[in-house]
1. Name the one entry in A:163, A:230, A:147, A:226 that is modelled with pLDDT of 95 or more and within 23 Å of residue A:36 (Cβ to Cβ).
2. How many residues, within segment B:93-107, are surrounded by 21 or more Cβ atoms within 10 Å (Cβ to Cβ) and assigned to a loop (DSSP other than H, G, I, E, B)?
3. Working only within segment A:271-290, note down all residues that are away from chain B (no Cβ under 14 Å) and touching a helix residue (DSSP H, G or I) at 6+ places or on another chain (Cβ under 7 Å).
4. Just give me the residues in segment A:71-86 being surrounded by 23 or more Cβ atoms within 10 Å (Cβ to Cβ) and facing chain B (nearest Cβ under 8 Å), in sequence order.
5. Cβ contacts < 7 Å: first residue more than 13 Å from every other protein chain (Cβ to nearest Cβ), restricted to segment A:135-162; second residue not in a helix (DSSP H, G or I), any location; separation 6+ or different chain. Result?
6. Answer yes or no as to whether residue A:266 is surrounded by 15 or more Cβ atoms within 10 Å (Cβ to Cβ), in contact with a helix residue (DSSP H, G or I) (Cβ under 8 Å, 6 or more places away or on another chain) and within 14 Å of chain B (Cβ to nearest Cβ).
7. Given the conditions (1) touching a residue at least 24 places away in the same chain (Cβ under 8 Å); (2) within 13 Å of chain B (Cβ to nearest Cβ); (3) in contact with a helix residue (DSSP H, G or I) (Cβ under 6 Å, 6 or more places away or on another chain); (4) within 27 Å of residue A:166 (Cβ to Cβ), which single one is not true for residue A:132?
8. Could you tell me how many of the residues in segment B:154-170 are touching a residue at least 40 places away in the same chain (Cβ under 8 Å) and over 12 Å from the mean Cα position of the chain (by Cα)?
């Protein structure tokens, strides 16, 4: 287990300016139940959208409707058979998500006093518009791998934003005073958390490029152990040193559980699609289920890593001494 | 947010939408040009004359070494209108005779040019399958695509050397006419609505090609005397080549055999 050593990870002097600042940040806005429920609904709907998108790719149905934004030249519901049912459902859910996102952005702007949360609402709106544009380009440009992969990556980014809004409009986040412990370890937990997000993004892009036939499977498979090591390191560091902080502990446990699930699903997806399904004449149910589950759990994993990073940022700040650049630490001669 | 920020955000949105509309229009325009029948395209170089009194022919049979694999079953249940034969056509070998092998003169024709046939070749979508499964055409030759199914299909070639396109075709719709400008062997065509629907178009510059029938036989007629390389291409088993020398009025047999990989 990781040892705190001569840890400075103790509850610091409550009078310190840093603690006051963090505490105030945590209590800056009143809890709004309706707003929170709507944010949770938006995040859940976004998760459904990711599953719908994964179904489109797994069933090779991305171009079953050759036009966009219309479907076969109109906005009416087309006959839902074959690949059309996957593609059109994805478009319908995406349309609903745009409406939900406009609502949550406006509501957050009006109801939430936290400045960063207001901007997050606007960022959600910008991301969902970018995502819609990428979805359109995917159809109109006949699925170039880089556009389709960008569509996959931006989709999961939007999901992360939706989850962050949902978590940080919750009662627990808004009414609980953050428990704060200073981090004196190298690399710091926030560095590890950010590194986890980075390796997950790289893995997401490699996976998307493979799914959209822009790359072989092996870069994605080769990066999987890197992701496993970084995420395990982050979660174990969080659990061994900061398990008293509930928000950090819960996120770290969830991260570990999702990582194990995701590795199993990745192996299953590899077996069904690459090893056994290479010569399949059509997408078969086992390969569709395993790959869709792999994408869905991947999205949850990324969102959890983002939440962990935010919780670490709130609860486990890097101690001041560590953040002072080396050259500024030199004594100043009079 | 101040007014300037709002204006910047709205401008970005307008730009994104403009780009999309632009892409859509460009796609439509290119699609139209791709659909232009060969008859209306600029005239090609005149065909190199061939003396009909000296022409030779090549015939042969393509075999599969070893037992043919059992054809994979297709699940067409996702569209009730699909009632075709539910077996895949990846390797069809009846009694060791390999069907759907594209045979063509790969080398030996030099700089000769050939007239493009005025008649279109037809691809029929019937029983949620493409008929034929393997097709040969000349560059610029019209391909007429029909839909005889009571369901909508989309026709989506995914070429490497030609331009990709994707069009839907509802039941009883007028045939779609297309042509391919560049040589490309085993150009895949698929339907994204029915993912088992696959076929291959082979686009070559000469009329000297054939596709083996269910008996594995092929025949290429009208070849001028010369030394040629014949290529045999199968969608899964790859390509083989054989050299053949044809004298005037020759009729030679060139057989080939593929091994399961």
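1. When all the criteria are applied, what remains is A:163.
2. 3
3. Matches in segment A:271-290: A:272, A:290.
4. Answer for segment A:71-86, where residues must be surrounded by 23 or more Cβ atoms within 10 Å (Cβ to Cβ) and facing chain B (nearest Cβ under 8 Å): A:82, A:83, A:84.
5. A:146/A:214; A:148/A:212; A:149/A:212; A:149/A:214
6. no
7. Just one mismatch for residue A:132, condition (3).
8. 4
The values are calculated or read from the model by the stated rules, or taken from the named source; none is laboratory data. Note that the structure is a prediction, hence the values are computed from the model and not measured. FYI the Cβ positions are ideal-geometry reconstructions off the backbone, even for glycines, and counts take in every protein chain you see.
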